[in-house]
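Nothing in this text is a laboratory measurement; each read-out follows from the coordinates by a stated rule. As the structure is a computational prediction, the values presented were derived from the model and not from experiment. Here Cβ is always computed from backbone atoms with ideal geometry, including for glycine, and neighbour counts include all displayed protein chains.
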Amino acid sequence: MLGEAALETPDVLPYPAPTATLTSYNESSITYSLEVCCQEVDQATGLADEILARVWYVSRRQGFTMPYLTRVLASALPSSEAHVPDRER
């Protein structure tokens, strides 16, 4: 999918082909590195933005969703009266 999105982007050269590499599994994400070639070095910044936008749209068309980390916090209060304010005793 990453290579497909890159190749759909104008100014990305088809040869050598874009390469995607898995770089890490994180708590709430998987990180990839994507390498592409372009004609001019000064195109790189704008090209990265355009490729990332295309990756987003390709992933949405293919039904991918972006997970969001959720946490459940539980608190247990001690049952002793030592923690009850004076006015409630």
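Above 21 angstrom, tally the Cα pairs of the chain and express them as a % of all pairs, no decimals. That tail contains 52 percent of the Cα-Cα pairs. Taking other Cβ atoms within 10 Å as a rough exposure proxy, Arg71, Arg61, Arg54 sort from fewest to most as Arg71, Arg61, Arg54. The gain in end-to-end length when the Tyr68 to Gln39 segment is fully stretched comes to 6.7 nm, 0.36 nm per residue minus the alpha carbon separation. Extending 7 Å from Cα along the Cβ direction at Thr31 and again at Tyr57 yields two label points whose distance is 2.8 nm. Scanning residues 5 or more positions from Cys38 or on other chains, those with amide H under 5 Å from its amide H are Leu13, with H placed 1.01 Å from N in the peptide plane. Note the angle between two axes, namely the Cα long axis of helix 44-61 and the longest principal axis of the Cα atoms of the chain, as a number of degrees from 0 to 90, rounded to the nearest 10. The helix 44-61 is inclined about 70 degrees to the chain. Amide H to amide H distances under 5 Å link Tyr32 with Thr23, where only residues 5 or more positions off or on other chains count and H is placed in the peptide plane. In the chain, helices alone account for a calculated mean residue ellipticity at 222 nm of -8500 deg cm²/dmol, with every DSSP H run of four or more residues adding -39,500 (n - 2.57).
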